[in-house]
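Peer 1: I'd like to ask some things about the structure below.
The values are calculated or read from the model by the stated rules, or taken from the named source; none is laboratory data. All values derive from a computational prediction rather than experimental measurement. No Cβ is skipped: glycine too gets one built from the backbone with ideal geometry, and neighbour counts run over all protein chains shown. Ligands, DNA and RNA are stripped out before the accessible areas are found, and what is left, the full protein with its side chains, is counted by its heavy atoms. Shrake-Rupley method; radii C 1.70, N 1.55, O 1.52, S 1.80 Å.
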Amino acid sequence: MNGWIHFNTGASAMIPLILGLFAVCFGLVSMVVKEWLFVSDTLVALLFGVTVGPAGMGAVDPASWIDVPSVTLELTRLIIAIQVMAAGITLPKKYLTKELVSLLMLLGPVMAWMWLTSAVIIMLVFRLGFVESLLIASCVAPTDPVLANSIVRGKFAEAKVPQHVRNIISAESGANDGLGYPYLYLALYLLKFSTATEALTRWFVVVVLWEVAVSVVLGAAIGWAARKLLQFARKQGWIDHDSFLSFAISLTLLTLGLVSLVGSDDILACFVAGNTLTWDDWFREETKEAHFQDVLDTLFNFTFFIYLGTIIPWNELASGVDTLTTGRLVVSAVLILLFRRLPVVLAVTRLTPAIETFRESLFAGWFGPIGVGAVFYAMVAFNELQDTMLADLRAKQFLLPIVYSLVTASVIVHGITIPLYHIAAAVPNATSAVSEYLSRTPSLPSTRLFRFSPRSPVEVGGLRLPANASGLPNHAVSIGIRQHAHHLADDIVPSSCPPDPVHTPLQASGRQDKGLPSYGSLETDGR
(Lines give C-alpha, C1' and ligand atoms only; values in the text may rest on other atoms or scores of the structure.)
Protein backbone atom coordinates (compact mmCIF):
# COMPACT_ATOMS: atom_id res chain seq x y z
CA MET A 1 0.00 0.00 0.00
CA ASN A 2 2.98 2.28 0.50
CA GLY A 3 3.05 4.84 -2.27
CA TRP A 4 -0.46 4.07 -3.50
CA ILE A 5 -2.03 7.20 -1.95
CA HIS A 6 -0.51 10.63 -2.48
CA PHE A 7 -1.62 13.88 -0.85
CA ASN A 8 -2.01 16.78 -3.25
CA THR A 9 -0.63 19.99 -1.76
CA GLY A 10 -0.36 21.80 -5.07
CA ALA A 11 -2.30 24.75 -6.39
CA SER A 12 -5.16 22.60 -7.72
CA ALA A 13 -6.02 21.54 -4.16
CA MET A 14 -4.91 24.46 -2.00
CA ILE A 15 -6.59 27.28 -3.94
CA PRO A 16 -10.15 25.86 -3.76
CA LEU A 17 -9.52 24.70 -0.19
CA ILE A 18 -8.47 28.15 1.04
CA LEU A 19 -11.16 30.04 -0.86
CA GLY A 20 -13.87 27.57 0.12
CA LEU A 21 -12.81 27.54 3.76
CA PHE A 22 -13.02 31.32 4.00
CA ALA A 23 -16.28 31.59 2.05
CA VAL A 24 -18.00 28.98 4.23
CA CYS A 25 -16.69 30.21 7.60
CA PHE A 26 -17.18 33.88 6.87
CA GLY A 27 -20.58 33.25 5.34
CA LEU A 28 -21.82 31.68 8.58
CA VAL A 29 -21.08 34.88 10.54
CA SER A 30 -21.26 37.46 7.75
CA MET A 31 -24.30 39.21 9.22
CA VAL A 32 -22.55 39.62 12.56
CA VAL A 33 -19.36 40.97 10.98
CA LYS A 34 -20.89 43.27 8.37
CA GLU A 35 -24.21 44.42 9.82
CA TRP A 36 -23.63 44.24 13.58
CA LEU A 37 -19.94 45.04 13.91
CA PHE A 38 -19.80 47.04 10.64
CA VAL A 39 -16.38 45.60 9.83
CA SER A 40 -15.43 45.56 6.15
CA ASP A 41 -15.45 42.12 4.56
CA THR A 42 -12.41 43.10 2.48
CA LEU A 43 -10.45 43.71 5.68
CA VAL A 44 -11.37 40.26 6.99
CA ALA A 45 -10.38 38.67 3.66
CA LEU A 46 -7.03 40.49 3.62
CA LEU A 47 -6.21 39.41 7.16
CA PHE A 48 -7.16 35.83 6.30
CA GLY A 49 -4.84 35.93 3.29
CA VAL A 50 -1.98 37.19 5.43
CA THR A 51 -2.67 34.42 7.97
CA VAL A 52 -2.55 31.55 5.47
CA GLY A 53 0.15 33.10 3.29
CA PRO A 54 3.96 32.98 3.52
CA ALA A 55 4.01 35.65 6.23
CA GLY A 56 1.69 33.56 8.44
CA MET A 57 1.08 29.82 8.43
CA GLY A 58 2.74 29.34 5.03
CA ALA A 59 -0.12 27.17 3.78
CA VAL A 60 -0.11 28.82 0.36
CA ASP A 61 2.56 30.66 -1.60
CA PRO A 62 1.31 31.81 -5.02
CA ALA A 63 4.81 32.98 -5.98
CA SER A 64 5.85 29.33 -6.21
CA TRP A 65 3.03 28.47 -8.61
CA ILE A 66 2.53 31.47 -10.90
CA ASP A 67 4.10 34.57 -12.37
CA VAL A 68 2.70 36.99 -9.79
CA PRO A 69 2.93 40.30 -11.75
CA SER A 70 1.21 38.90 -14.86
CA VAL A 71 -1.56 37.08 -13.00
CA THR A 72 -2.14 40.04 -10.67
CA LEU A 73 -2.42 42.42 -13.62
CA GLU A 74 -5.09 40.35 -15.37
CA LEU A 75 -6.99 39.51 -12.17
CA THR A 76 -7.19 43.13 -11.07
CA ARG A 77 -8.15 44.21 -14.58
CA LEU A 78 -11.09 41.80 -14.63
CA ILE A 79 -12.29 42.70 -11.12
CA ILE A 80 -12.12 46.44 -11.77
CA ALA A 81 -13.93 46.08 -15.10
CA ILE A 82 -16.80 44.22 -13.42
CA GLN A 83 -17.00 46.77 -10.62
CA VAL A 84 -16.97 49.87 -12.81
CA MET A 85 -19.60 48.28 -15.06
CA ALA A 86 -21.72 47.71 -11.93
CA ALA A 87 -21.09 51.29 -10.81
CA GLY A 88 -22.30 52.61 -14.15
CA ILE A 89 -25.42 50.43 -14.08
CA THR A 90 -26.47 51.44 -10.55
CA LEU A 91 -26.54 55.16 -11.34
CA PRO A 92 -29.95 56.79 -11.88
CA LYS A 93 -31.37 57.86 -15.22
CA LYS A 94 -29.08 60.18 -17.25
CA TYR A 95 -26.94 60.70 -14.16
CA LEU A 96 -23.74 61.69 -15.96
CA THR A 97 -25.41 64.70 -17.58
CA LYS A 98 -27.39 65.72 -14.48
CA GLU A 99 -24.31 65.72 -12.24
CA LEU A 100 -21.79 66.75 -14.90
CA VAL A 101 -20.52 69.74 -12.89
CA SER A 102 -19.89 67.65 -9.78
CA LEU A 103 -18.15 64.92 -11.78
CA LEU A 104 -15.92 67.41 -13.61
CA MET A 105 -14.93 68.92 -10.27
CA LEU A 106 -14.09 65.54 -8.74
CA LEU A 107 -12.36 64.17 -11.84
CA GLY A 108 -10.49 67.39 -12.55
CA PRO A 109 -9.15 69.52 -9.69
CA VAL A 110 -9.78 66.94 -6.96
CA MET A 111 -8.05 64.07 -8.74
CA ALA A 112 -5.16 66.31 -9.79
CA TRP A 113 -4.72 67.38 -6.16
CA MET A 114 -4.74 63.75 -5.05
CA TRP A 115 -2.02 62.95 -7.58
CA LEU A 116 0.22 65.94 -6.82
CA THR A 117 -0.19 65.77 -3.04
CA SER A 118 0.66 62.07 -2.95
CA ALA A 119 3.70 62.74 -5.16
CA VAL A 120 5.00 65.51 -2.90
CA ILE A 121 4.62 63.32 0.20
CA ILE A 122 6.40 60.39 -1.48
CA MET A 123 9.17 62.67 -2.71
CA LEU A 124 9.79 64.19 0.72
CA VAL A 125 9.51 60.98 2.74
CA PHE A 126 11.53 58.68 0.47
CA ARG A 127 13.78 61.32 -1.12
CA LEU A 128 12.89 60.35 -4.67
CA GLY A 129 12.87 62.56 -7.73
CA PHE A 130 9.66 64.47 -8.37
CA VAL A 131 8.80 62.75 -11.68
CA GLU A 132 9.49 59.32 -10.17
CA SER A 133 7.22 60.27 -7.28
CA LEU A 134 4.55 61.31 -9.81
CA LEU A 135 4.77 57.85 -11.32
CA ILE A 136 4.15 56.09 -8.00
CA ALA A 137 1.49 58.62 -6.97
CA SER A 138 -0.46 58.01 -10.17
CA CYS A 139 -1.17 54.47 -8.93
CA VAL A 140 -2.89 55.68 -5.74
CA ALA A 141 -4.62 58.78 -7.13
CA PRO A 142 -7.86 57.05 -8.25
CA THR A 143 -10.43 56.02 -5.66
CA ASP A 144 -11.08 52.30 -5.65
CA PRO A 145 -14.46 51.08 -7.00
CA VAL A 146 -14.26 47.79 -5.08
CA LEU A 147 -13.81 49.35 -1.63
CA ALA A 148 -16.14 52.24 -2.54
CA ASN A 149 -18.82 49.69 -3.41
CA SER A 150 -18.59 48.21 0.08
CA ILE A 151 -18.99 51.71 1.55
CA VAL A 152 -22.11 52.73 -0.38
CA ARG A 153 -23.94 49.46 0.25
CA GLY A 154 -25.20 47.83 3.41
CA LYS A 155 -27.14 48.70 6.52
CA PHE A 156 -24.97 51.61 7.62
CA ALA A 157 -24.95 53.30 4.20
CA GLU A 158 -28.71 52.98 3.78
CA ALA A 159 -29.35 54.40 7.25
CA LYS A 160 -26.71 57.14 7.46
CA VAL A 161 -25.57 58.12 3.95
CA PRO A 162 -27.97 60.00 1.63
CA GLN A 163 -28.62 58.44 -1.75
CA HIS A 164 -27.16 61.37 -3.70
CA VAL A 165 -23.86 61.04 -1.80
CA ARG A 166 -23.71 57.31 -2.51
CA ASN A 167 -24.38 57.98 -6.18
CA ILE A 168 -21.59 60.55 -6.57
CA ILE A 169 -19.08 58.29 -4.79
CA SER A 170 -19.99 55.40 -7.11
CA ALA A 171 -19.81 57.60 -10.21
CA GLU A 172 -16.46 59.09 -9.23
CA SER A 173 -14.85 55.77 -8.35
CA GLY A 174 -16.07 54.23 -11.59
CA ALA A 175 -14.87 57.07 -13.81
CA ASN A 176 -11.56 58.00 -12.19
CA ASP A 177 -10.32 54.42 -12.14
CA GLY A 178 -10.32 54.56 -15.89
CA LEU A 179 -8.73 58.01 -15.85
CA GLY A 180 -5.62 56.81 -14.05
CA TYR A 181 -3.89 56.16 -17.38
CA PRO A 182 -3.24 59.83 -18.28
CA TYR A 183 -1.47 60.48 -14.96
CA LEU A 184 0.54 57.27 -15.13
CA TYR A 185 1.72 57.69 -18.71
CA LEU A 186 2.48 61.39 -18.33
CA ALA A 187 5.06 60.51 -15.68
CA LEU A 188 6.34 57.54 -17.70
CA TYR A 189 6.80 59.59 -20.87
CA LEU A 190 8.58 62.36 -18.96
CA LEU A 191 10.99 59.73 -17.65
CA LYS A 192 11.35 57.91 -20.94
CA PHE A 193 11.83 60.67 -23.51
CA SER A 194 14.65 63.15 -23.57
CA THR A 195 12.60 66.32 -24.07
CA ALA A 196 9.38 67.46 -22.41
CA THR A 197 7.95 68.49 -25.80
CA GLU A 198 8.25 64.99 -27.22
CA ALA A 199 6.83 63.47 -24.05
CA LEU A 200 3.83 65.83 -23.93
CA THR A 201 3.08 65.44 -27.66
CA ARG A 202 3.10 61.67 -27.50
CA TRP A 203 1.10 61.73 -24.26
CA PHE A 204 -1.62 63.96 -25.73
CA VAL A 205 -2.00 61.99 -28.96
CA VAL A 206 -1.63 58.44 -27.65
CA VAL A 207 -3.16 58.72 -24.19
CA VAL A 208 -5.60 61.64 -24.16
CA LEU A 209 -6.99 61.32 -27.68
CA TRP A 210 -6.70 57.61 -28.42
CA GLU A 211 -6.94 55.88 -25.07
CA VAL A 212 -9.35 58.22 -23.24
CA ALA A 213 -11.46 59.87 -25.95
CA VAL A 214 -11.78 56.78 -28.13
CA SER A 215 -12.64 54.59 -25.14
CA VAL A 216 -15.49 56.94 -24.19
CA VAL A 217 -16.90 56.79 -27.73
CA LEU A 218 -16.52 53.02 -27.94
CA GLY A 219 -18.05 52.49 -24.49
CA ALA A 220 -21.05 54.67 -25.31
CA ALA A 221 -21.56 52.89 -28.65
CA ILE A 222 -21.30 49.41 -27.09
CA GLY A 223 -23.69 50.33 -24.27
CA TRP A 224 -26.25 51.92 -26.60
CA ALA A 225 -26.20 48.98 -29.02
CA ALA A 226 -26.44 46.50 -26.15
CA ARG A 227 -29.46 48.30 -24.68
CA LYS A 228 -31.33 48.36 -27.99
CA LEU A 229 -30.58 44.72 -28.73
CA LEU A 230 -31.52 43.63 -25.21
CA GLN A 231 -34.82 45.51 -25.30
CA PHE A 232 -35.65 44.00 -28.67
CA ALA A 233 -34.76 40.47 -27.55
CA ARG A 234 -36.81 40.90 -24.37
CA LYS A 235 -39.80 42.18 -26.32
CA GLN A 236 -39.62 39.23 -28.71
CA GLY A 237 -39.20 36.76 -25.86
CA TRP A 238 -35.87 35.48 -27.15
CA ILE A 239 -33.87 35.85 -23.92
CA ASP A 240 -34.47 33.84 -20.77
CA HIS A 241 -34.32 35.16 -17.22
CA ASP A 242 -30.88 33.81 -16.33
CA SER A 243 -29.23 35.22 -19.43
CA PHE A 244 -30.92 38.55 -18.82
CA LEU A 245 -29.52 38.80 -15.31
CA SER A 246 -26.02 37.84 -16.41
CA PHE A 247 -26.06 40.23 -19.36
CA ALA A 248 -23.96 42.86 -17.59
CA ILE A 249 -21.15 40.39 -16.91
CA SER A 250 -21.22 39.27 -20.54
CA LEU A 251 -21.13 42.88 -21.69
CA THR A 252 -18.13 43.53 -19.42
CA LEU A 253 -16.13 40.75 -21.05
CA LEU A 254 -17.12 41.90 -24.54
CA THR A 255 -16.13 45.50 -23.81
CA LEU A 256 -12.82 44.47 -22.26
CA GLY A 257 -11.85 42.38 -25.24
CA LEU A 258 -13.05 44.77 -27.94
CA VAL A 259 -11.52 47.95 -26.49
CA SER A 260 -8.25 46.21 -25.61
CA LEU A 261 -8.08 44.96 -29.17
CA VAL A 262 -7.77 48.53 -30.45
CA GLY A 263 -5.37 49.53 -27.66
CA SER A 264 -7.69 51.93 -25.84
CA ASP A 265 -8.70 52.36 -22.18
CA ASP A 266 -10.86 49.31 -21.50
CA ILE A 267 -11.61 50.18 -17.86
CA LEU A 268 -13.10 53.59 -18.70
CA ALA A 269 -15.01 52.04 -21.62
CA CYS A 270 -16.64 49.52 -19.24
CA PHE A 271 -17.91 52.30 -16.98
CA VAL A 272 -19.31 54.30 -19.89
CA ALA A 273 -20.89 51.18 -21.43
CA GLY A 274 -22.55 50.29 -18.11
CA ASN A 275 -24.04 53.73 -17.64
CA THR A 276 -25.20 53.88 -21.27
CA LEU A 277 -26.84 50.47 -20.90
CA THR A 278 -29.05 51.84 -18.13
CA TRP A 279 -29.31 55.38 -19.48
CA ASP A 280 -33.12 55.24 -19.54
CA ASP A 281 -33.28 53.34 -16.22
CA TRP A 282 -34.93 50.34 -17.90
CA PHE A 283 -32.21 47.76 -17.23
CA ARG A 284 -31.57 49.04 -13.68
CA GLU A 285 -35.23 48.76 -12.76
CA GLU A 286 -35.54 45.32 -14.34
CA THR A 287 -32.57 43.95 -12.38
CA LYS A 288 -33.09 45.86 -9.11
CA GLU A 289 -34.34 42.84 -7.17
CA ALA A 290 -31.79 40.43 -8.65
CA HIS A 291 -28.67 39.75 -6.59
CA PHE A 292 -26.72 37.66 -9.07
CA GLN A 293 -24.15 40.34 -9.73
CA ASP A 294 -23.78 41.11 -6.01
CA VAL A 295 -22.96 37.46 -5.34
CA LEU A 296 -20.42 37.41 -8.16
CA ASP A 297 -18.84 40.67 -6.95
CA THR A 298 -18.52 39.27 -3.45
CA LEU A 299 -16.76 36.12 -4.65
CA PHE A 300 -14.37 38.10 -6.82
CA ASN A 301 -13.58 40.52 -3.99
CA PHE A 302 -12.94 37.72 -1.50
CA THR A 303 -10.71 36.00 -4.01
CA PHE A 304 -8.63 39.08 -4.70
CA PHE A 305 -8.07 40.28 -1.15
CA ILE A 306 -7.17 36.79 0.07
CA TYR A 307 -4.80 36.57 -2.89
CA LEU A 308 -3.40 40.02 -2.08
CA GLY A 309 -2.67 38.98 1.50
CA THR A 310 -0.67 36.01 0.24
CA ILE A 311 1.42 37.84 -2.39
CA ILE A 312 2.48 40.94 -0.45
CA PRO A 313 6.16 40.39 0.46
CA TRP A 314 5.86 41.62 4.02
CA ASN A 315 9.49 40.89 4.85
CA GLU A 316 10.64 42.95 1.88
CA LEU A 317 8.39 46.00 2.34
CA ALA A 318 10.87 47.57 4.72
CA SER A 319 14.10 46.08 3.47
CA GLY A 320 16.13 48.97 4.88
CA VAL A 321 17.78 49.43 1.49
CA ASP A 322 18.17 53.08 0.61
CA THR A 323 15.31 55.03 2.29
CA LEU A 324 12.81 52.15 2.23
CA THR A 325 12.15 51.61 5.95
CA THR A 326 9.16 50.69 8.07
CA GLY A 327 9.01 54.10 9.68
CA ARG A 328 8.95 55.92 6.35
CA LEU A 329 6.24 53.61 4.99
CA VAL A 330 4.07 54.29 8.05
CA VAL A 331 4.64 58.04 7.88
CA SER A 332 3.83 58.18 4.17
CA ALA A 333 0.65 56.13 4.69
CA VAL A 334 -0.58 58.41 7.47
CA LEU A 335 0.17 61.61 5.55
CA ILE A 336 -1.36 60.39 2.29
CA LEU A 337 -4.55 59.13 3.96
CA LEU A 338 -4.95 62.46 5.74
CA PHE A 339 -4.00 64.94 3.03
CA ARG A 340 -4.48 63.12 -0.28
CA ARG A 341 -8.24 63.73 -0.56
CA LEU A 342 -10.01 65.14 2.49
CA PRO A 343 -8.77 68.78 2.37
CA VAL A 344 -9.55 69.34 -1.31
CA VAL A 345 -13.03 67.79 -1.13
CA LEU A 346 -13.85 70.04 1.83
CA ALA A 347 -12.49 73.03 -0.10
CA VAL A 348 -14.71 72.46 -3.16
CA THR A 349 -17.91 71.63 -1.28
CA ARG A 350 -19.70 74.75 -2.52
CA LEU A 351 -18.58 74.02 -6.09
CA THR A 352 -19.91 70.45 -6.05
CA PRO A 353 -23.74 70.42 -6.30
CA ALA A 354 -23.97 66.70 -5.51
CA ILE A 355 -22.44 67.32 -2.06
CA GLU A 356 -24.82 69.58 -0.17
CA THR A 357 -23.52 69.88 3.40
CA PHE A 358 -20.24 69.94 5.28
CA ARG A 359 -20.96 66.53 6.84
CA GLU A 360 -21.57 65.00 3.42
CA SER A 361 -18.33 66.55 2.20
CA LEU A 362 -16.49 65.15 5.21
CA PHE A 363 -17.82 61.67 4.48
CA ALA A 364 -17.05 61.83 0.75
CA GLY A 365 -13.62 63.29 1.46
CA TRP A 366 -12.61 60.65 3.95
CA PHE A 367 -13.92 57.63 2.04
CA GLY A 368 -11.66 57.76 -0.99
CA PRO A 369 -10.09 54.32 -0.52
CA ILE A 370 -6.95 52.92 -2.16
CA GLY A 371 -7.37 49.31 -3.25
CA VAL A 372 -7.60 47.09 -6.31
CA GLY A 373 -7.16 49.98 -8.74
CA ALA A 374 -3.86 50.96 -7.14
CA VAL A 375 -2.54 47.40 -7.48
CA PHE A 376 -3.65 47.31 -11.12
CA TYR A 377 -1.84 50.52 -12.04
CA ALA A 378 1.20 49.44 -10.02
CA MET A 379 1.41 46.30 -12.16
CA VAL A 380 1.04 48.35 -15.34
CA ALA A 381 3.84 50.64 -14.18
CA PHE A 382 5.96 47.67 -13.09
CA ASN A 383 5.75 46.17 -16.58
CA GLU A 384 6.61 49.51 -18.19
CA LEU A 385 9.65 49.90 -15.93
CA GLN A 386 11.14 46.71 -17.36
CA ASP A 387 12.10 48.81 -20.38
CA THR A 388 15.88 49.07 -20.63
CA MET A 389 15.58 52.86 -20.97
CA LEU A 390 14.13 52.97 -17.43
CA ALA A 391 16.26 50.27 -15.84
CA ASP A 392 18.25 52.62 -13.59
CA LEU A 393 15.32 54.35 -11.97
CA ARG A 394 15.03 54.14 -8.17
CA ALA A 395 11.25 54.10 -8.59
CA LYS A 396 11.50 50.49 -9.75
CA GLN A 397 12.63 49.46 -6.26
CA PHE A 398 10.12 51.68 -4.42
CA LEU A 399 6.99 51.19 -6.52
CA LEU A 400 5.48 47.96 -5.20
CA PRO A 401 6.42 48.37 -1.49
CA ILE A 402 4.88 51.85 -1.35
CA VAL A 403 1.70 50.84 -3.19
CA TYR A 404 1.25 47.65 -1.16
CA SER A 405 1.70 49.53 2.12
CA LEU A 406 -0.81 52.22 1.10
CA VAL A 407 -3.38 49.64 0.01
CA THR A 408 -2.98 47.76 3.29
CA ALA A 409 -3.28 50.96 5.33
CA SER A 410 -6.38 52.05 3.42
CA VAL A 411 -8.11 48.68 3.80
CA ILE A 412 -7.42 48.68 7.55
CA VAL A 413 -8.26 52.33 8.27
CA HIS A 414 -11.36 52.56 6.10
CA GLY A 415 -12.42 49.09 7.23
CA ILE A 416 -12.54 50.10 10.90
CA THR A 417 -13.78 53.68 10.46
CA ILE A 418 -17.47 52.81 10.69
CA PRO A 419 -17.07 50.63 13.84
CA LEU A 420 -15.12 53.48 15.44
CA TYR A 421 -17.87 55.87 14.42
CA HIS A 422 -20.44 53.74 16.23
CA ILE A 423 -18.26 53.55 19.33
CA ALA A 424 -17.80 57.34 19.33
CA ALA A 425 -21.53 57.85 18.82
CA ALA A 426 -22.30 55.60 21.78
CA VAL A 427 -20.13 57.58 24.22
CA PRO A 428 -22.43 60.66 24.46
CA ASN A 429 -25.46 58.41 24.92
CA ALA A 430 -23.74 56.50 27.73
CA THR A 431 -22.59 59.74 29.35
CA SER A 432 -26.11 61.15 29.15
CA ALA A 433 -27.57 58.03 30.73
CA VAL A 434 -25.08 58.16 33.63
CA SER A 435 -25.74 61.88 34.16
CA GLU A 436 -29.49 61.30 34.21
CA TYR A 437 -29.08 58.50 36.74
CA LEU A 438 -26.87 60.59 39.00
CA SER A 439 -29.26 63.54 38.78
CA ARG A 440 -31.95 61.44 40.42
CA THR A 441 -29.85 60.79 43.56
CA PRO A 442 -29.90 63.29 46.47
CA SER A 443 -27.17 65.87 46.74
CA LEU A 444 -24.80 64.94 49.58
CA PRO A 445 -21.92 66.88 51.14
CA SER A 446 -19.64 63.88 50.67
CA THR A 447 -18.83 62.16 47.42
CA ARG A 448 -19.46 58.84 49.11
CA LEU A 449 -22.38 57.83 51.23
CA PHE A 450 -20.30 55.85 53.74
CA ARG A 451 -16.69 56.65 54.71
CA PHE A 452 -14.81 54.71 57.36
CA SER A 453 -11.38 55.47 58.75
CA PRO A 454 -9.60 53.77 61.67
CA ARG A 455 -10.37 55.18 65.14
CA SER A 456 -12.45 58.02 63.74
CA PRO A 457 -16.16 58.73 63.72
CA VAL A 458 -18.18 57.22 60.90
CA GLU A 459 -19.56 59.74 58.39
CA VAL A 460 -23.01 58.91 57.02
CA GLY A 461 -24.46 61.33 54.52
CA GLY A 462 -22.71 64.23 56.23
CA LEU A 463 -23.43 63.04 59.83
CA ARG A 464 -20.49 62.01 62.01
CA LEU A 465 -21.15 58.89 64.07
CA PRO A 466 -18.85 57.21 66.64
CA ALA A 467 -16.86 54.11 65.72
CA ASN A 468 -15.24 51.40 67.79
CA ALA A 469 -11.51 50.79 68.08
CA SER A 470 -11.32 48.80 64.85
CA GLY A 471 -12.57 51.74 62.83
CA LEU A 472 -15.90 50.07 62.02
CA PRO A 473 -19.25 51.25 63.36
CA ASN A 474 -20.52 49.49 66.42
CA HIS A 475 -23.86 47.70 66.57
CA ALA A 476 -25.87 50.68 67.69
CA VAL A 477 -24.35 52.90 65.06
CA SER A 478 -25.18 50.27 62.44
CA ILE A 479 -28.82 50.63 63.43
CA GLY A 480 -28.51 54.37 62.97
CA ILE A 481 -26.96 53.90 59.55
CA ARG A 482 -29.84 51.72 58.47
CA GLN A 483 -32.29 54.32 59.79
CA HIS A 484 -30.59 57.13 57.92
CA ALA A 485 -30.33 55.07 54.75
CA HIS A 486 -34.07 54.43 54.94
CA HIS A 487 -34.65 58.14 55.35
CA LEU A 488 -32.55 58.86 52.24
CA ALA A 489 -34.53 56.25 50.33
CA ASP A 490 -37.71 58.21 51.03
CA ASP A 491 -36.18 61.13 49.16
CA ILE A 492 -35.61 58.96 46.09
CA VAL A 493 -38.68 56.70 46.03
CA PRO A 494 -41.92 58.58 45.22
CA SER A 495 -44.25 59.09 48.15
CA SER A 496 -46.94 57.15 46.33
CA CYS A 497 -44.94 53.95 46.82
CA PRO A 498 -46.05 51.85 49.79
CA PRO A 499 -43.73 51.96 52.79
CA ASP A 500 -41.30 49.15 53.40
CA PRO A 501 -42.93 46.93 56.01
CA VAL A 502 -39.52 46.10 57.49
CA HIS A 503 -38.97 49.71 58.55
CA THR A 504 -42.54 50.62 59.48
CA PRO A 505 -41.89 50.18 63.23
CA LEU A 506 -39.06 52.69 63.05
CA GLN A 507 -41.39 55.27 61.53
CA ALA A 508 -43.78 54.76 64.43
CA SER A 509 -41.02 55.51 66.93
CA GLY A 510 -41.26 59.22 66.36
CA ARG A 511 -39.28 59.93 63.15
CA GLN A 512 -40.87 62.75 61.19
CA ASP A 513 -41.25 62.48 57.43
CA LYS A 514 -38.55 64.42 55.59
CA GLY A 515 -36.79 65.05 58.90
CA LEU A 516 -33.58 63.73 60.37
CA PRO A 517 -33.76 60.96 63.00
CA SER A 518 -32.45 61.50 66.51
CA TYR A 519 -29.15 59.72 67.15
CA GLY A 520 -28.69 60.69 70.80
CA SER A 521 -30.04 57.45 72.24
CA LEU A 522 -27.95 55.43 69.77
CA GLU A 523 -24.77 57.15 70.87
CA THR A 524 -25.66 56.41 74.51
CA ASP A 525 -26.25 52.75 73.66
CA GLY A 526 -22.89 52.55 71.96
CA ARG A 527 -20.78 53.39 75.01
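Peer 1: Identify, please: which residue in the range 231-290 is among the aromatic types (F, W, Y) and in a helix (DSSP H, G or I) and is, among those, nearest to Y181 (Cα to Cα)?
Peer 2: Within the range 231-290, the match that is nearest to Y181 (Cα to Cα) is F271.
Peer 1: Return the only residue of T201, T255, T197 being within 30 Å of the chain's Cα centre (by Cα) and either at pLDDT 95 or above or not aliphatic (A, V, I, L, M) (or both).
Peer 2: On inspection, the qualifying residue turns out to be T255.
Peer 1: Evaluate the range 237-257: report whether one residue or more is hydrophobic (A, V, I, L, M, F, W, C), under 21 Å from W210 (Cα atoms) and open to solvent by 50 Å² or more (accessible area, probe 1.4 Å).
Peer 2: Scanning the range 237-257 turns up at least one residue that is hydrophobic (A, V, I, L, M, F, W, C), under 21 Å from W210 (Cα atoms) and open to solvent by 50 Å² or more (accessible area, probe 1.4 Å).
Peer 1: With the structure loaded, tell me whether T349 is open to solvent by 60 Å² or more (accessible area, probe 1.4 Å), out of contact with any His (no Cβ under 9 Å at 6 or more places or on another chain) and free of Cβ contacts under 8 Å to residues at least 60 places away in the same chain or whether it fails that test.
Peer 2: no
Peer 1: While we're looking at this one, here's another question. Collect the residues in the range 176-201 that are open to solvent by 10 Å² or more (accessible area, probe 1.4 Å), farther than 18 Å from V380 by Cα and of a type outside the set (S, T, N, Q), keeping them in residue-number order.
Peer 2: Result: F193, A196, E198, L200.
Peer 1: Of all the residues that make up the range 118-176, how many are assigned to a helix (DSSP H, G or I) and either at pLDDT 85 or above or of a type in the set (S, T, Y) (or both)?
Peer 2: 35
Peer 1: Moving on. Can you tell me which of F7, F38 is open to solvent by less than 80 Å² (accessible area, probe 1.4 Å) and aromatic (F, W, Y)?
Peer 2: F38
Peer 1: Tell me, please, whether a residue that is open to solvent by 10 Å² or more (accessible area, probe 1.4 Å) and among the small types (G, A, S) can be found in the range 398-414.
Peer 2: Taking every residue of the range 398-414 in turn, at least one turns out to be open to solvent by 10 Å² or more (accessible area, probe 1.4 Å) and among the small types (G, A, S).
Peer 1: Another question, then. Looking at (1) of a type outside the set (D, E, K, R); (2) buried (at least 24 other Cβ atoms within 10 Å of the Cβ); (3) free of Cβ contacts under 8 Å to residues at least 40 places away in the same chain, which one does A171 not meet, given that it meets all the others?
Peer 2: Every condition holds for A171 apart from (3).
Peer 1: Of the residues V32, V60, which is surrounded by 14 or more Cβ atoms within 10 Å (Cβ to Cβ), among the hydrophobic types (A, V, I, L, M, F, W, C) and either at negative phi or touching a Leu at 6+ places or on another chain (Cβ under 7 Å) (or both)?
Peer 2: Among V32, V60, only V60 is surrounded by 14 or more Cβ atoms within 10 Å (Cβ to Cβ), among the hydrophobic types (A, V, I, L, M, F, W, C) and either at negative phi or touching a Leu at 6+ places or on another chain (Cβ under 7 Å) (or both).
Peer 1: Which of the residues spanning the range 320-333 are more than 15 Å from V120 (Cα to Cα), assigned to a helix (DSSP H, G or I) and of a type in the set (G, A, S)?
Peer 2: G327, the sole residue that qualifies.
Peer 1: Does L362 count as among the aliphatic types (A, V, I, L, M), open to solvent by 20 Å² or more (accessible area, probe 1.4 Å), touching a Phe, Trp or Tyr at 6+ places or on another chain (Cβ under 8 Å) and modelled with pLDDT of 80 or more?
Peer 2: no
Peer 1: Against the definition (open to solvent by 10 Å² or more (accessible area, probe 1.4 Å) and among the hydroxyl-bearing types (S, T, Y)), how does T323 come out, yes or no?
Peer 2: Yes, satisfied.
Peer 1: Let me ask something additional. Going through I370, I336 one at a time, which residue ends up being outside any helix (DSSP H, G or I), under 15 Å from P142 (Cβ atoms) and either open to solvent by 20 Å² or more (accessible area, probe 1.4 Å) or not small (G, A, S) (or both)?
Peer 2: I370
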